[in-house]
Every structure is written in C-alpha cells, then in structure tokens.
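Input: a single structure, listed below in structure tokens.
The values are calculated or read from the model by the stated rules, or taken from the named source; none is laboratory data. Not measured: the values here are computed from a predicted model. Because the Cβ atoms are built from the backbone with ideal geometry, glycine has one as well, and the counts that use them run over all protein chains shown. When the accessible area is computed, the model is the full protein with side chains, heavy atoms only, and any ligands, DNA or RNA have been set aside. Shrake-Rupley method; radii C 1.70, N 1.55, O 1.52, S 1.80 Å.
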Amino acid sequence: DDARLVNAQVLPWIQSVDKDRPTYTYVQYLDPHFPYNPPVDYLNEDKPSYDALLAATGNVKIRPEPFPFGDRPPPSAEVSEGFAKLYDAEIRFLDHEFQNLLDQLEVQGLLDENDWLILTSDHGEEFFEHEQWGHGQNLYDEVIRIPLIIKGPDARQGLTVHSPVSLVDLLPTLCG
C-alpha cells in the first residue's frame with residue numbers, strides 16, 4: 001500500500017484523538033520500496049518504466065542477495081539512473097503525504113511544544129554503487145545513513161550527531 005492509503009486510515013483516527021490524554025501513534029509508510037511505482041506527477045520528466053528498466057538489465061532480478069555464480073553484470077547508466085529517478089520520485093511523494101499527516105496533527109493540536117515527533121527510516125537503497133541493488137547485504141552509507149529527526153520538549157534544536165548510532169538506541173535515548 002502506498003502512503004495515500006496509510007493516511008486514509010490514520011488521518012480520520014487522528015481527528016478522534018483526545019489531545020488531553022497521552023497518546024502514542026506509530027505510522028509506518030512503506031514507500032519507497034521495490035518495485036518503485038510513484039505517481040507520475042512526482043517525476044520531473046517522463047516516468048521511466050520499471051518493467052523496461054528491468055528488461056534492460058537482461059531481466060536479472062533486482063534483488064539484494066549477491067549475484068550467484070560470479071559477478072553481476074553492470075547495468076547501463078540509463079538503467080541505474082532510471083531506478084534512482086523512480087526512487088527519488090517515491091521520496092517526493094512520501095514527503096507530500098507526510099506533510100499531510102503533519103498538517104492534520106497541527107490542526108488537531110497534537111503537534112505543539114509538549115508533543116514528540118520522531119521521523120526515521122529503516123534503511124536506504126543501493127543502486128549498484130557497490131555492485132548490489134537494494135538493501136540488506138552490506139553496510140555502505142547508501143544503505144545505513146538514514147534520517148533521524150526528533151521534535152519535542154527538551155529536544156536540542158540543530159543538534160547533529162556525527163558518531164554512528166543505531167535505531168536500537170532510540171527508545172533508551174528517548175526514555176533518558
């Protein structure tokens with residue numbers, strides 16, 4: 001399901017939340033993931049065809065596992081750039097839908113100085129920078145450098161942490 005369908009479930013529920021009671025809301029969007037299929041209006045040019053890009057790889061499955069029996073054939077620049085364009089368009093689409101969520105939280109008074117908002121991701125994607133597609137098989141920056149944005153009481157504005165951290169550290173950090 002894309003972010004529009006997630007919001008279709010979450011936004012009406014937010015309208016029913018009693019802002020005077022503690023509430024925890026977890027929203028997980030799955031955009032962008034293979035196969036990339038962003039709405040065309042989030043592309044700045046003609047939409048590359050996922051099927052055509054896959055065919056241009058020789059129909060080699062775009063999978064995170066190392067390519068079996070030797071080296072994976074390198075894709076053309078057109079193929080790598082095409083998948084990256086689709087991925088970027090899905091990010092733009094998700095940004096728009098996330099803004100819809102933020103707007104509704106503000107309207108309902110659920111995003112004021114006493115409320116916490118945490119935005120993060122589980123992983124990035126690799127587009128053959130290290131002879132792999134997707135995620136799950138390596139620890140290169142393309143895969144592990146993800147956003148972590150925290151807004152809330154006592155959150156230090158403008159703080160950037162340069163040392164490596166893990167999502168497993170998120171809950172204990174917030175509790176501290």
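Rank these by accessible area, largest first, 1.4 Å probe: ILE149, ILE91, ILE14.
Most to least solvent-accessible, the answer reads ILE149, ILE91, ILE14.
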Could you work out Rg/(2.2 N^0.38 Å) for region 86-136, with Rg from alpha carbons only? 1.60
Whichever aspartates and glutamates have a C-alpha closer than 16 Å to that of LYS19, once near sequence neighbours (fewer than 8 apart) are set aside: ASP103, GLU106, ASP112, GLU113, ASP115
Counting only Cα atoms, I'd like the Rg/Rh figure for the chain, Kirkwood definition for Rh. 1.03
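With a 1.4 Å probe and every protein chain left in place, work out the accessible area per residue of the chain in Å², rounded to a whole number.
On a per-residue basis, 68 Å².
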Beyond 17 Å, the calculated P(r) of region 108-176 holds a percent of Cα-Cα pairs equal to 53 percent
Would you look at the GNM of the chain, springs on alpha carbons closer than 10 Å, and say which of HIS123, HIS162, HIS135 moves the most? HIS162
Taking the highest mean first, how do the peptides 152-158, 113-119 order by number of other beta carbon atoms within 10 angstrom per residue? 113-119, 152-158
Counting only backbone N atoms under 16 Å from a point 7 Å out along Cα-to-Cβ of VAL17, the residues of region 123-160 in range are 150-153
Log10 I(q)/I(0) at q = 0.24 Å⁻¹ for region 73-159, from Debye over equal alpha-carbon scatterers, is -1.20
Considering only protein heavy atoms and a probe of 1.4 Å, how much of the accessible area of region 84-176 is carbon and sulfur, as a whole percent? 53 percent
